Structure formats: structure tokens, C-alpha cells
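Undergrad: Structure incoming, see below.
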Amino acid sequence: MEFVVRTWSAGARLGSMQLAAGVQMETPTLLLLTRKGLPAFIPPDLLQNLHPDARACQVSPLHFLDSPSASIVETAGGLHKFVSMTGFGMVALARDSLMDESNGEASSKLGAAFETTSGRRVVGPAKYMEIVNACKPDLWVSLPDEVPTWAAEKRNRLSVDRTLQWLDHCLSLQPAERGNRCLGVVVGSASLDERIRSAEQTATRNVVGFSLGGFGLGEDASQRALQMDAVIAKLPKEKLRHTSGLGLPEEVLQAVEAGVDVFDSIYPFMLTKGGYAMTFPLNMENSPGNLDTQPSASELAYIGSDSAKMNLRSVAYRLDKSPLVVGCKCYTCQRHTRAYIHHLINTHEMLSQTLLEIHNTYHYLEFFKAIRDAIKADKFLAFRNWFTSTRKETRVHSPASKSPTLVLH
Amino acid sequence: MLGISPSMALRFEVLARHNRARASRLTLPHYEALTPLFMPVGTQGTIKGLTNDQLEDLDCQIILGNTYHLALRPGADLLDTIGGLHKFMNWPRALLTDSGGFQMVSLLHLADITEEGVTFQSPVDGKPMLLTPEDSIQIQNKIGADIIMALDDVVKTTTTGPRVEEAMYRTLRWIDRCIAAHSRPHEQNLFGIVQGGLDPQLRDICLEGLVARNLPGYAIGGLAGGEGKDAFWRVVAQCTAGLPEDKPRYVMGIGFPLDIVVCTALGADMYDCVYPTRTARFGSALVSEGVLRLTHAAMATDYRPLDSSCTCMVCKRYTRAYLHTLVTKEAMGSQLVSYHNISHMMQLSRNLHSSILEGRFPDIHGGS
């Protein structure tokens, strides 16, 4: 793996990451969510043309505890071959945000506890690396002992110690012939001291980058910013930084500003499952100029939508022949209408999820592209400020205006 | 004038024959199809999890929509406002809708058939409702498919007694009402459905009556409902013999590949069934040797593709071992096996057409 920082804008950095032969990506960037190695609803023939930046995904070793097991993946020649994702980047990481987030309670010295589809499993470094080595991902994140922000001081300290021990153990099990592909996890939860200790110690290990762990677990956004800054201050600038668990565009922006390069997120998937299309404006040029033609915040709220997402379950869309997002170039928006997707959701048809996951992933990738464009133009703070201002905007109804109208065409 | 329908919106050209089997070109308003062909069922305006691009890649030519379901959701009037099901789905090829009668009888409590139509309880609020032949055709006119089906009085093949005869005669009376109600004969082809149970005399009367109406095409209905295979072939053979040579013949509800091959040998052209897509969702793949149960434990370590002779995207990329881990657990499993199963059926359709065209039809099913 090669990673080079090319330029900066405020704290945000633009990088170039080569995950594998032929998989070169600019950062900040997104790893697509997978289940058993493939996106939830997007098969490979649709994935290959999804978006130019849809080039890499995360995989969770927890999906390979039973069916398929590690040995089956190994016999098949590794995960890329087994799930037909050769030419795609793969980053293995333990966290499976689709299941219950680990709160560390059931973890022990034997391993971290995870909820899986076959119940609670405790996975230690040996088992974890057995799966990682069978899968042969391009990068892997070490096994952390993550705890949430309300963990007691003693438990939090233990999580930092254990995460370091497990990092060392995982590294010792990395086969030499595959080279160094490890991202060491930095934990420490709400304690800045522990965060700093974890970061300093992890930085001494022979890793190619870092994963900022323990975020997206219910912490306060301003606390997260402080913790990220504290951690990143202790990490070597030239190495890659990744984080899991963030989703909302504001959370991504905050982490980018702190200096994070690579993200994985369940946000597009959660919107898809809920029947929502991602709609937040992507850049200053494309943002709706004439606010009068756009539905107001209260009109959107009336049908369960808001400025980031459109609630396609709403009957407001039943005759709406527009694409999900006007001007969006994704497969779904080029081919289908809100009315059709509303019908598919209404009738519980699987195609609704395929079409929504395609759009939501595309839209989110466009957001990351907008971030990179802003960094390149050294306008990251302006972009961030513009974005957060659109999200806080409200419209005031004058007494003379009509009651909220549904969006019908 | 009641009873005569000279209008057609299709052209049917038989390109080659082998005994009774035909390879033909069926030109419909939205698409030029080659028969014999299998029509996957897209009940509610979609084929489970597959996009239009994928369906086109798979060579699907005609897709079936269920009138009963579509009339409920999104509704016939909505489809009319939008400009028809083709536009709603953005499907550029052909569509066929059934009459809605079969679904009602099979899906609904207290459904009953009278001379007026099919009475049933609304699934929405339990109110008594009635679907007449006129209603069915009007709804299908709004949906806008290339081929629409007459409302028929269909009985189970295992039914015996006077009910079978009653249903056959009623079907003939209803076809006239369907013809009269059809407001778009130059854009949509109304197919009549031959009924009569397993009784050759009744089937003959029905055949005669429908052929006299000079419809654009005909379906053989009331089969695939539990009758024995011998009875099934016999009725199909009788019906194809009694239907005009120059019009398409559609055997409804047939999806087992062997049944399709035999019906083709007997002179049929079109088939539909939920079987390939439904069985995919339960983890079964259609392969040249038969049916592969992917849920079986042995599949976990079987690193072969589903079907070594299949060239579809799924067989090129995946093994039985991986699909075993997905089926019945992940939506992706359903999508991938559905994709393969449809590929299998469309490959079968292509093989039937080209083997008849090239004079080697007996080879594809091992003689006879």
C-alpha cells in the first residue's frame, strides 16, 4: 500500500492511496459497506459502473466465522477471488456496525465480543488473523477492544492496554510475504489522556497507518472533535488515517478537518433500508439557487423528509416523475422516477433497495469528491461553512402563505 | 358488433418448423420477439431485485405483470396518468398482463364466480367487490401492455362435473364482453384463453368458439394445476392442433424446462411461470442436470460454478460454495440466483428457437 499526502486546506488533506495494483484512489474517500464481501444490494455487474470512485470496500472478518468459514475462503484463493471483487480494494476491519455496536462488556482477555448473526462471539487476535490471512485483504485494521464514552476509567485504561497487546499479537501473525498492511487502532474513549497514550504507543508500532477507533458510539460531536485532534497530533503525518462509524455529512466534514483520510460508514445503507434517498446539496455551485422553488424545511418535515434525505414512503411522491435528485448522474436517477421507487418501497420489492443503494452510494461518493475538490482549491473551510449553513437554514412562513404543501408534480 | 375482433397489434411469422414445433418472429408494439420464449413474471412491475439493464442483458423479451396486484398498487388510474406501465417501469421491451381473475380466485378469501364476473372481498377493507370482464379489460387498457388476457372462468384441472362445462361456456360468453370493452385494439393484443378442463369435447367447443372470434393470439389455460403429465400433454396437443397456425400460442403457468420443451414440440410458442424466480429465492438454481439445492450442506465446499455450461454473469464469477452462504440469508443471494435462473430460462428459449430454425430441434432434448 502506498499513501502520499499531496496538499492541504486548513486541517484537511488531499492524499493519494494505492491499495493494490490498479486501485489508486484520492483521499478523503469512502470504503463501501459489504456483507460477506459484497455490497448489500449491488451485484458486481452494477457495481463496476456505479461511480468512478467506487473502487474499494470494507469487509468485516466477523462475517467469516461460520458460513463461509476462513478455511473455505482460503481454499478459494482469498476473498477477492471468492466474491469476485478482483480489481477492487478491500480493507478488513472488525467493526460491524450493522449489528449491535460493541460496548465492550462481554469482552475479556480472550477477545472482543461481537454480536453476529449466529449470536454473540468472542474473537481474539489469533482467530481474527486466521480470518484476515485467509481473506488476504489489501489492508487490515487490527482488532481493538473498543468501549463507549461512558466506560469507567479503569475499563477504558484496560481497553487501551488490550488494544495494544492485540495489535502486537496481530502484527506477529501477519505473514511476512504479504508485506505490511496493518492499520493500528487508537482507542481511549472519552479520556484525552488515554487517547494520547494510545496514539503515542500505537505510533511506535510498525504499521502503515492508523484507525481512529471508538467513534460513532454515541459520543458528543464536540468531544469527538477534541479527541480526534488530540490523537492526530500524536500520529505521524505521512501515514494513512481511517475511521469507522461516522455517517452524517457534518461528521465526515469534522473528521476530514481533523485530518482523517479514509472512511467507512453505514449511512448510505441505513438510508436505503429506511426507504430514504440521500439528497443533501453537494456543492456550492449546484445548490438550489432559488429557494422559492424548493420545498421548505417544514414542507419536507411534513412528509418525513429533511434537507439530507427524501422519505420515499410518503404518498407525496406517488405521481412524482422526477428522478430522486434532479441532475444526479447515477444509474437510478438516469433511469427511474420517485413515483416508481415509491411504488417499489410500498410493495416491499427488492429492487427498491438495489436502486436506492446505488443512488445513496453515488451521492455520498459525490460528497467525498466535493470535499476533495474543495481541498484542491484550498477552500475546504468555505465549503464546510457553506454546507453547515445550508443544514441549519430554516424558512419562515409568513402568515399570508399557504399551509405546507406536499411536493407533487 | 359483438363477437368479432379483426384488430391486431402484432405480426407473427413462422420462420421454421420441425414437425409441430415452430420458430417464429412475434412483432409487438414495443418489441420484436423471437419464439419460443419464456416470460419471467414481474408481478408488481419489477422482477425481484433485478434492474432493467440486467433483464436486457439476459435477453428478456416479454415480461409479465399481474393485473390484480398492479390494480391494487400502484393502481390502474395512476398508471394511466403516468402513461402506462412501460413508462412507469421504464421497460423498453414488451409487456403482457394477465386478466386478474386467476389471482383473485387463488389469493382471496370468499372469491366466487358468477355470470357477472368475479366477486371477492377487497383485500384492503373487506368490502364486497366485483371484477367483470369489462373491468379487467379497462384496467389492462390503462396498464398498456402489448398483450392483454381475456377474463376467463378458470377451474382447477382436478375439478370434475358440470362446473367444468359451465366455466367453458362462460369463458366464451366473456370473451365477447372482453372484445367489446377493449378500447385499444390497435395498440394492445387481446388473447383468448382456451378452457374446458381435461375434457376433449369441451376443449373442442372452446377452441372453435375462440378461433371464430379471430383474436390476435390464444392461450391454453386451466393447466399446470395438479393434473397428471399425460393429461397435460394431451390437452396441450389437442389445443395446439385446434388453434390457427399463423397466430401465437401461449401455455400459461409453465416453467419447468422439460414441460417447455415438450409443449414446444407440440406447437406452443410462449410460456410464463413464477417458478424460476421463486425457486431462486428459496436457494434453488436451475442447471442443465436439473435443480441444484444450494442450501444443501455439500454446497459449502463445492467450488464449481452453478452450471458449467452457463455463461451468465453469476456462473462466470461465483461458486456454489459462495452462493451457499448467501441464499435465504442475504438479499444478494436472491438476486444472484434469480439472475442465473432467468439466464437459464432465456438460454433455453434461445436454444429452442435456434434449434428449430437450424433443423436440429430433436438434439436439444435427446431425441423423441
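The values are calculated or read from the model by the stated rules, or taken from the named source; none is laboratory data. It should be emphasised that the depicted structure is a prediction, and the values quoted were computed from it without experimental measurement. No Cβ is skipped: glycine too gets one built from the backbone with ideal geometry, and neighbour counts run over all protein chains shown. Heavy atoms of the whole protein, side chains included, go into the accessibility calculation; ligands, DNA and RNA do not. Shrake-Rupley method; radii C 1.70, N 1.55, O 1.52, S 1.80 Å.
Undergrad: Ordering B:Tyr303, B:Tyr271 from largest to smallest accessible area (1.4 angstrom probe), what's the sequence?
TA: B:Tyr303, B:Tyr271
Undergrad: Now for a separate question. Tell me the mean residue ellipticity at 222 nm calculated for chain A from its helices only (DSSP H runs of n ≥ 4, each -39500 (n - 2.57), averaged over every residue, nearest 500).
TA: One gets -10500 deg cm²/dmol as the mean residue ellipticity at 222 nm.
Undergrad: Where in chain A lies the longest segment free of GluC sites (Glu not before Pro) that are both loop residues by DSSP (not H, G, I, E, B) and have at most 11 other Cβ atoms within 10 Å?
TA: Looking at chain A, A:106-237 is the longest stretch - no exposed GluC sites (Glu not before Pro) with at most 11 other Cβ atoms within 10 Å.
Undergrad: Determine the relative contact order of chain B: mean sequence separation of Cα pairs under 8 Å and six or more apart, normalised by residue count, in whole percent.
TA: 19
Undergrad: To the nearest 10 square angstrom, how much accessible area does A:Ser84 have with a 1.4 angstrom probe?
TA: Result for A:Ser84: roughly 20 Å² accessible.
Undergrad: If the cut-off is a Cα-Cα distance under 27 Å, which lysines reach A:Lys309, setting aside same-chain residues fewer than 8 apart in sequence?
TA: Partners found: A:Lys273, A:Lys321, A:Lys329, A:Lys369, A:Lys379, A:Lys392, A:Lys402, B:Lys48, B:Lys87.
Undergrad: Not counting ligands, DNA or RNA, and with a 1.4 Å probe, what is B:Leu258's accessible surface area in Å² rounded to the nearest 10?
TA: So the heavy atoms of B:Leu258 present about 120 Å² to solvent.
Undergrad: Could you give the dipole magnitude of the protein assembly as shown about its Cα centre, charging the beta-carbon of Lys and Arg +1 and that of Asp and Glu -1, in debye to the nearest 20?
TA: With Lys and Arg at +1 and Asp and Glu at -1, about 1160 debye.
Undergrad: For labels at A:Val23 and B:Phe256 in the simple 7 Å Cα→Cβ model, what's the distance in nm?
TA: Going from the A:Val23 label point to the B:Phe256 one covers 4.6 nm.
Undergrad: Check the straight Cα-Cα distances from A:Lys127 and name the lysines below 16 Å, setting aside those fewer than 8 residues away within the same chain.
TA: Within reach: A:Lys109, A:Lys136.
Undergrad: Once you have the Kirkwood Rh of chain B from its Cα pairs, apply Stokes-Einstein at 4 °C and 1.567 mPa s and quote D in µm²/s.
TA: Calculated translational D: 62 µm²/s.
Undergrad: Have a look at B:Pro244, B:Phe191, B:Phe232 and report the one farthest towards the positive end of the charge dipole of the stretch B:171-256, computed about the Cα centre with Cβ charges (Lys/Arg +1, Asp/Glu -1).
TA: B:Phe191
Undergrad: Considering amide H positions built from the backbone, and no H for Pro or chain starts, which residues 5 or more places from A:Leu240, or on another chain, come under 5 Å of its amide H?
TA: Result for A:Leu240 returns A:Phe210.
Undergrad: A:Val185's amide H: which non-local residues (gap 5+, or another chain) put their own amide H closer than 5 Å, with H modeled 1.01 Å from N in plane and none for Pro or chain starts?
TA: Sorted by chain and number, the residues that satisfy this are A:Ser142, A:Ser211.
Undergrad: Starting from the Cα of A:Lys376, draw a straight line to each of the aspartates and glutamates and keep only those under 13 Å, dropping any in the same chain fewer than 8 residues away.
TA: Hits, sequence-local ones excluded: A:Glu26.
Undergrad: Give the ranking of B:Thr160, B:Thr319 by solvent-accessible surface, highest area first, calculated with a 1.4 Å probe.
TA: Largest accessible area first, the residues go B:Thr160, B:Thr319.
Undergrad: Need one number for the stretch A:2-265: average projected area of the convex hull over its C-alpha atoms, nm².
TA: That works out to 12.7 nm², a quarter of the Cα hull's surface.
Undergrad: What is the distance in Å between the Cα centroid of the stretch B:150-182 and that of the stretch A:93-154?
TA: Value for the Cα centre distance between the two parts: 64 Å.
Undergrad: For B:Ala16, what residues show an amide H to amide H distance below 5 Å, using hydrogens built from the backbone and excluding near sequence neighbours?
TA: For B:Ala16, the qualifying residues are B:Ala23.
Undergrad: Before anything else, pin down the relative contact order of chain A: Cα pairs under 8 Å, at least 6 apart, normalised by residue count, whole percent.
TA: Contact order relative to length: 17 percent.
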